[in-house]
Structures are given as C-alpha cells and as structure tokens.
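> Before I ask anything, let me first share the structure, which is written out below as structure tokens.
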Amino acid sequence: MTYKELLESARQSFGEHCKACPVCNGRACGNQIPGPGAKGMGDVAIRNFEAWQKVRVNMNTIAENKTPDTSFDFFGLKMRYPLFAGPVGAVNLHYGDKLDDISYNNILVSAAAEAGIAAFTGDGTNPEVMKAATKAVAAAGGQGIPTVKPWDINTLEEKFALVADSKSFAVAMDVDAAGLPFLQGLTPPAGSKTVPELSDIIAKAGKPFIVKGIMTVQGALDAIRAGASAIIVSNHGGRVLDQTPSTAEVLEEIAAAVRSADAENNRHTIILVDGGIRSGTDVFKAIALGADAVLIARPFVTAVYGGGSDGVKLYTEKIGKELADTMKMCGVSSLSEISTKNLFQPKSAYIRF
Ligand SMILES: Cc1cc2nc3c(=O)[nH]c(=O)nc-3n(C[C@H](O)[C@H](O)[C@H](O)COP(=O)(O)O)c2cc1C
C-alpha cells in the first residue's frame with residue numbers, strides 16, 4: 001500500500017465529514033463539529049498547520065556522514081521516533097460508522113506499539129470506552145497512554161483503577177476538554193481544575209502524569225507545580241476555543257520557561273506538542289523550538305480507517321523517514337543536537353514571505 005492508496009481507501013471508509021485530504025490542513029473540514037473541524041470560525045486548525053510551514057530549516061551537509069539516531073526515551077520506553085498518535089474520541093460520530101472508539105483504539109494501540117511508537121487513547125461519556133482502551137493498552141504490554149477527561153474526582157478514581165490495570169507507563173488528562181461542547185452540563189461532571197485540585201488528582205493517579213492542553217507559560221508552570229511530569233502544548237486542534245494562537249507560536253516561550261524552572265529544580269519535564277504537525281520536517285522544527293517529541297492526531301485516524309494496522313505502520317514510517325532525512329540534510333545525527341540554530345532566521349530586507 002502507498003500513502004496515496006491509503007488516502008483513497010480512507011475516502012471510501014469515512015462518513016460525510018472528513019475528505020482525507022492529501023495534506024490534512026484544516027481547510028476542507030473548517031468548523032465542522034461533528035466532524036474533524038475546529039470550533040467557531042474554524043480557523044485555529046488551519047493556523048496550526050500554517051505556522052509550521054512558516055518555519056524554515058537550515059540545510060547543512062558539511063557534516064559527518066552518520067545515520068541519524070531518531071530514538072526517543074519516554075518514561076523508560078525506548079521509542080523509534082519522537083512521535084505519538086494523539087488521542088481521538090467519538091470516532092464514529094466524527095469520521096463514520098466503520099469504526100467506534102473501541103475498535104479504533106484496538107487497532108491503533110497495538111499497531112503503534114508494533115511500529116515502535118505509542119498511542120494515546122481518548123475518553124468519553126460512555127464508560128465502556130475507557131474500559132476497552134485500557135484493555136488495549138494492557139494487550140500492548142502497557143505501551144500506550146490512556147487519556148482521561150477532567151471529570152470530578154470520584155469518576156477519575158474509577159478511571160485510574162482501570163489505568164492501573166493497563167500497566168501503562170503514564171496517564172494523561174486533556175484538561176482543556178472543559179471547552180468541548182458535548183462535555184458541558186453532562187453527567188459525570190467535567191470542567192476546569194485549580195492547581196490544588198490538579199495536585200490531588202495527580203497524587204491519586206499513581207503514574208507519571210501528562211497534562212494536555214497547555215497554551216501559556218502560566219499554564220505550563222501551574223501544571224508542573226501541581227506535579228505533572230510532562231505537558232502537551234496543545235489547543236486541542238482548535239476544537240475547544242476559537243481564536244487561539246497556533247501551538248508553534250507559543251511553544252518556544254513555554255519551553256524556555258519550563259527549562260528555566262527545571263534548571264532551578266534539577267529535573268526534566270517532558271514537553272510534547274501537537275496541532276497541525278504533518279511531516280517529519282515539522283517534527284524536526286517542533287524539537288528545534290523546544291519540544292522533546294510530538295503528537296499527531298487526525299492523520300492517524302485517516303491511517304486507521306484507510307489501512308488498519310498496516311496504515312498506522314506506513315504512516316509512522318513515512319513521518320520517521322522524513323525526520324531522519326531532515327536531520328541528515330541539516331547536519332545533525334541525534335535529537336539532542338537539534339536546536340534553533342537549525343532554523344532559518346530571515347535577514348534579507350529584500351525578500352519577505
Ligand atoms: C475528532 C477529534 C476527537 C478528539 N478527541 C480527543 C480526545 O478524546 N482527547 C484528547 O485529549 N484530544 C482529542 N482530540 C484532540 C487531538 O488529540 C489533538 O490535540 C488535535 O487534534 C491536534 O492535533 P492534530 O492537528 O494533529 O489533529 C480530538 C481531535 C479530533 C479531531
């Protein structure tokens with residue numbers, strides 16, 4: 001199967017909302033929710049994608065001719081690439097009835113683990129989703145990250161018991177899900193968390209805790225103060241609040257603040273980022289701007305609907321090879337060498353894009 005064939009197959013499998021575009025840039029789906037679009041005006045997903053395209057890399061092949069090492073250590077797991085499949089919930093509603101969250105996570109989690117990366121699973125109002133997701137993670141030897149919504153503490157304790165059984169190496173919470181239209185006013189209740197509330201949740205989680213949905217320096221420092229081991233710079237692909245900046249625009253400042261807080265406390269908070277990352281070159285740029293690794297969400301749905309397990313492996317390889325190629329062409333041989341020195345800073349007053 002080629003990537004083009006995968007996209008053609010996904011077009012046959014999807015419902016009416018996602019067009020499986022050659023590049024998933026947020027334009028065709030716009031503000032369609034239900035569907036994979038963004039909230040309100042619907043331009044945040046577009047801005048996420050376009051911001052990465054504005055960042056350019058410095059080519060430099062006067063360097064040692066080494067095979068780039070793309071491996072990434074994550075809470076003791078040696079991954080092939082600094083890449084995760086992002087959590088996506090309610091796939092049947094947004095992408096069509098061919099799959100539901102249970103069958104989707106079953107395919108994604110095992111295929112991602114076989115491809116040498118790991119998948120985050122989503123959560124929803126149906127309790128069966130988290131039960132099945134944690135079983136899928138357990139079947140993959142714990143190589144997956146259950147993501148819980150910001151429920152009330154009683155509901156979270158029930159979910160954490162399932163997470164413990166999954167033997168996952170970490171657990172995540174999309175704290176920004178408070179903005180999802182379908183979570184508002186529902187039972188069980190979900191919503192924003194204060195630092196003390198988040199501290200209590202993290203203490204009860206019993207695993208390294210990842211806070212997803214950070215878009216400000218203050219949010220990052222609060223998450224760390226509450227005990228998070230990792231943060232995900234994310235605007236939920238534009239689905240929880242309209243008119244936010246893109247993640248690429250805020251990443252550098254957040255990463256600098258986290259690294260300086262880390263230096264004072266002699267620790268390393270893992271910084272992940274998502275939103276419109278669509279190539280290995282985008283992964284390289286995200287690492288240069290301060291991320292340790294990235295999540296890609298919507299294109300993995302296309303990979304699963306279009307090609308099942310093989311689709312996930314093909315897409316992972318595609319991104320991984322592009323990353324290795326970019327590293328080689330920019331003269332770096334390990335992820336730790338990638339820095340803002342590898343990014344182009346325009347100096348010419350004569351040409352501006
Ligand atoms: C249909 C859909 C459902 C999603 N469901 C979840 C979810 O359950 N939990 C979560 O943390 N993020 C969820 N997300 C957000 C993604 O994980 C990710 O943050 C966002 O899509 C940006 O990444 P992308 O541009 O690579 O898609 C969802 C996104 C989409 C499009």
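> Can you pull out the residues in region 111-129 that are in a helix (DSSP H, G or I) and surrounded by fewer than 23 Cβ atoms within 10 Å (Cβ to Cβ)? Walk me through how you get there before you give the answer.
From region 111-129, those in a helix (DSSP H, G or I) are 111-114, 127-129; that's our starting set.
If the condition is that a residue be in a helix (DSSP H, G or I) and surrounded by fewer than 23 Cβ atoms within 10 Å (Cβ to Cβ), then Ala113, Glu114, Pro127, Glu128, Val129 are the ones that fit.
> For region 217-227, which positions are touching a residue at least 12 places away in the same chain (Cβ under 8 Å) and exposed (fewer than 15 other Cβ atoms within 10 Å of the Cβ)?
Once the filter is applied, which keeps residues that are touching a residue at least 12 places away in the same chain (Cβ under 8 Å) and exposed (fewer than 15 other Cβ atoms within 10 Å of the Cβ), region 217-227 yields only Arg225.
> Could you grab me the full set of residues in region 287-309 that are outside any loop (DSSP other than H, G, I, E, B) and within 12 Å of the chain's Cα centre (by Cα)?
So in region 287-309, the residues outside any loop (DSSP other than H, G, I, E, B) come out as 287-288, 293-296, 298-309.
Within region 287-309, Ala293, Val294, Leu295, Ile296, Arg298, Pro299, Phe300 qualify.
> Name the residues in region 228-243 that are away from the ligand (no atom under 12 Å from the Cβ) and either free of Cβ contacts under 8 Å to residues at least 12 places away in the same chain or more than 13 Å from the chain's Cα centre (by Cα) (or both), would you? Spell out how you get there, then give the answer.
Initial filter on region 228-243 (away from the ligand (no atom under 12 Å from the Cβ)): 228-231, 241-243.
Passing the criteria: Ala228, Ser229, Leu241, Asp242, Gln243.
> Among the aliphatic types (A, V, I, L, M) and at pLDDT below 95: which single residue out of Leu156, Leu180 fits that description? I'd like the intermediate steps shown before the answer.
Values: Leu156 fails: at pLDDT below 95.
When all the criteria are applied, what remains is Leu180.
> Something else: Just one of the numbered conditions (1) more than 26 Å from Gly37 (Cβ to Cβ); (2) within 11 Å of the ligand (Cβ to nearest atom) is not true of Thr269; which one?
Of everything listed in (1) more than 26 Å from Gly37 (Cβ to Cβ); (2) within 11 Å of the ligand (Cβ to nearest atom), Thr269 misses just condition (2).
> Of all residues being of a type in the set (Gly, Ala, Ser) and modelled with pLDDT of 95 or more in region 74-88, which is farthest from the ligand (Cβ to nearest atom)? Just the residue, please. Reasoning before the result, please.
Filtering region 74-88 down to residues of a type in the set (Gly, Ala, Ser) leaves 76, 85-86.
Filter once more, so that each one left must be modelled with pLDDT of 95 or more: 85-86.
Numbers: Ala85: 9, Gly86: 4 Å.
Of everything passing the filter in region 74-88, Ala85 is farthest from the ligand (Cβ to nearest atom).
> One residue is enough: does region 172-192 have a residue meeting the conditions out of contact with any Phe, Trp or Tyr (no Cβ under 6 Å at 6 or more places or on another chain), part of a helix (DSSP H, G or I) and away from the ligand (no atom under 16 Å from the Cβ)?
no
> Could you grab me the full set of residues in region 133-186 that are touching a residue at least 40 places away in the same chain (Cβ under 8 Å) and surrounded by fewer than 17 Cβ atoms within 10 Å (Cβ to Cβ)?
Once the filter is applied, which keeps residues that are touching a residue at least 40 places away in the same chain (Cβ under 8 Å) and surrounded by fewer than 17 Cβ atoms within 10 Å (Cβ to Cβ), region 133-186 yields Ile153, Glu157, Ala164, Pro181, Phe182, Leu186.
> Here is a follow-up. Of all residues in region 313-353, which are outside any helix (DSSP H, G or I), surrounded by 12 or more Cβ atoms within 10 Å (Cβ to Cβ) and hydrophobic (A, V, I, L, M, F, W, C)?
Our first condition is that a residue be outside any helix (DSSP H, G or I); within region 313-353, this holds for 330-334, 338-339, 343-353.
After this cut, where a residue has to be surrounded by 12 or more Cβ atoms within 10 Å (Cβ to Cβ) as well, the list is 330-334, 338-339, 343.
Of everything in region 313-353, those that are outside any helix (DSSP H, G or I), surrounded by 12 or more Cβ atoms within 10 Å (Cβ to Cβ) and hydrophobic (A, V, I, L, M, F, W, C) turn out to be Cys330, Val332, Ile338, Leu343.
> Collect the residues in region 244-257 that are free of Cβ contacts under 8 Å to residues at least 40 places away in the same chain and more than 16 Å from the ligand (Cβ to nearest atom), keeping them in residue-number order. Full working, then the answer.
Initial filter on region 244-257 (free of Cβ contacts under 8 Å to residues at least 40 places away in the same chain): 250, 253, 255-256.
Scanning region 244-257 gives Glu253, Ala255, Ala256.
> List the helices (runs of 4 or more DSSP H) inside region 1-104, counting only whole elements, that have at least 3 residues being hydroxyl-bearing (Ser, Thr, Tyr) and in contact (Cβ under 8 Å) with a residue 24 or more places away in the chain. Before the answer, list the steps.
Numbers: elements: 3-13, 44-54, 91-95.
Filter on region 1-104 gives 3-13.
> Another question, then. Check Asp262 against each of (1) within 16 Å of the ligand (Cβ to nearest atom); (2) closer than 22 Å to Met79 by Cβ and name the one condition it does not meet.
(1)
> Same structure again: Select from region 254-293 the residues that are among the acidic types (Asp, Glu) and under 15 Å from Ile338 (Cα atoms) and list them in ascending order. Quick ask: steps written out before the conclusion?
The first filter runs over region 254-293 and keeps only residues among the acidic types (Asp, Glu), leaving 262, 264, 274, 282, 292.
Asp282, Asp292 - these are the residues of region 254-293 that are among the acidic types (Asp, Glu) and under 15 Å from Ile338 (Cα atoms).
> I'd like the full set of residues that are out of contact with any Asp or Glu (no Cβ under 6 Å at 6 or more places or on another chain) and either part of a helix (DSSP H, G or I) or in contact (Cβ under 8 Å) with a residue 40 or more places away in the chain (or both), limited to region 262-280.
Asp262, Ala263, Glu264, Asn265, Leu272, Val273, Asp274, Gly275, Gly276, Ile277, Arg278
> Checking Ala111 against (1) out of contact with any Pro (no Cβ under 8 Å at 6 or more places or on another chain); (2) within 14 Å of the ligand (Cβ to nearest atom); (3) not polar (S, T, N, Q): exactly one of these is not met. Which one?
(2)
> Please find, among Ala138, Ala132, the residue that is small (Gly, Ala, Ser), over 18 Å from the mean Cα position of the chain (by Cα), within 14 Å of the ligand (Cβ to nearest atom) and not in a strand (DSSP E or B). Break it down stepwise before answering.
Values: Ala138 fails: within 14 Å of the ligand (Cβ to nearest atom).
It is Ala132.
> Follow-up question, since we're still on this one. Provide a single number: the residues in region 194-215 that are more than 19 Å from Leu162 (Cβ to Cβ), of a type outside the set (A, V, I, L, M) and buried (at least 22 other Cβ atoms within 10 Å of the Cβ).
Of the residues in that region, 1 qualify.
The values are calculated or read from the model by the stated rules, or taken from the named source; none is laboratory data. In this text, all values refer to a predicted model and were calculated from it rather than measured experimentally. So basically every Cβ, Gly included, is an ideal-geometry build from the backbone, and we count neighbours across all protein chains shown.
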